[in-house]
1. Suppose every Lys and Arg Cβ carries +1 and every Asp and Glu Cβ carries -1, with no other charges. What dipole size does the chain come out with about its Cα centre, to the nearest 20 debye?
2. Where does the chain land on Rg/Rh, using Cα atoms and the Kirkwood Rh?
3. Would you work out which of S156, G206, L127 lies farthest towards the positive end of the dipole of the chain, given +1 charges on the beta-carbon of Lys and Arg and -1 on that of Asp and Glu, about the Cα centre?
4. Give me the accessible area per residue for the chain, probe 1.4 Å, as a whole number in Å².
5. Would you mind giving the three semi-axes, in whole Å and largest first, of the ellipsoid equivalent to region 5-119 according to its Cα gyration tensor?
6. Report, in deg cm²/dmol and to the nearest 500, the calculated mean residue ellipticity at 222 nm for the chain, where each DSSP H run with n ≥ 4 adds -39500 (n - 2.57) and the sum is divided by the residue count.
7. Can you give me the Rg/Rh ratio for region 108-164, using Cα atoms for both radii and the Kirkwood formula for Rh?
8. So for the pair H48, D194, with labels modelled 7 Å out along Cα→Cβ, what separation do we get in nm?
Amino acid sequence: MADKSYAVIGLGRFGASVAQALYNMGYDVMVIDEDEERVQDHVGIATHAVQADTTDEQALRDVGIRNFDVVVVAIGADIQASILTTLILKEMGVKMIVAKAQNERHGQVLYKVGADRVVFPERDMGLRVAHNLISPNVLDFVELAADYSIAEVAVSEKTAGKTLIDLDVRARFGVNVMAIKSGDHFNIAPSADDLIKEGDILVVIGHNNDLKKFEEES
Ligand code: ATP
């Protein structure tokens with residue numbers, strides 16, 4: 001059994017998916033939901049499943065929430081409950097709070113009340129799908145800041161057999177190839193004359209406009 005322990009509050013699709021993935025990886029996971037039926041439906045994906053209203057500090061104390069290394073607040077629709085829960089967890093001294101936001105404003109408030117990390121699953125997935133639609137070669141897309149991102153781009157027929165010098169992506173597109181994934185091998189400091197093979201994946205960083213050009217033309 002791995003050492004870190006996790007608690008996931010809110011058993012919607014997102015919370016249940018996070019809890020199940022952690023549990024499958026061998027971690028100790030407690031799931032909490034105020035809805036007893038939801039709790040019963042998810043007993044199989046966690047070490048413990050408990051019914052509690054997490055806007056009630058005493059209820060959180062009773063389940064021993066402070067004993068967990070990371071607490072994920074996956075309450076969605078009820079924004080007030082999500083904010084209040086995060087605030088109480090912070091005040092109780094929970095070390096690491098990860099909270100799911102419905103939108104940017106919700107995210108800002110979550111940071112203000114003490115979330116250590118805020119995730120936007122719908123926004124991020126939408127972004128990924130959109131980039132994958134522009135170019136099926138784009139496997140993943142992660143926003144770093146408002147205008148800068150990292151994209152994972154599958155090597156096309158056009159690119160295979162070339163080196164980074166041949167591609168000259170920095171001059172042509174203004175982006176940088178940070179790494180080349182080749183099966184299980186991860187070349188994290190590719191040199192200019194490394195050969196790019198079919199099946200490889202390029203990890204590219206740059207301004208969104210430049211990445212878009214690269215995605216369309218690579
Ligand atoms: P998803 O999109 O991931 O399916 P969602 O954003 O629709 O989720 P909800 O279904 O609104 O999320 O909420 C997730 C869960 O959070 C629900 O099962 C709900 O019962 C639970 N929940 C809401 N408020 C509280 C609370 N105060 N205490 C504990 N659980 C709560």
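1. Numbers: 21 positive and 35 negative charges, 94 e Å.
Charge dipole of the chain: 460 debye, to the nearest 20.
2. On the way: Rg = 21.2 Å, Rh = 19.5 Å.
That ratio is 1.09, to two decimals.
3. G206
4. Working: 11800 Å² over 218 residues.
Accessible area per residue, the chain: 54 Å².
5. Numbers: eigenvalues 78, 43, 37 Å².
Semi-axes from the Cα gyration tensor: 20, 15, 14 Å.
6. Values: 9 runs with 80 residues, N = 218.
So the calculated ellipticity at 222 nm is -10500 deg cm²/dmol.
7. Working: Rg = 15.5 Å, Rh = 13.5 Å.
That ratio equals 1.15.
8. 4.6 nm
The values are calculated or read from the model by the stated rules, or taken from the named source; none is laboratory data. Owing to the predicted nature of the structure, the values given are computational and were not obtained by experimental measurement. All Cβ positions, glycine included, derive from the backbone under ideal geometry; neighbour counts span all protein chains shown. Just the protein is used for accessible areas: all its heavy atoms, side chains included, with ligands, DNA and RNA removed. Shrake-Rupley method; radii C 1.70, N 1.55, O 1.52, S 1.80 Å.
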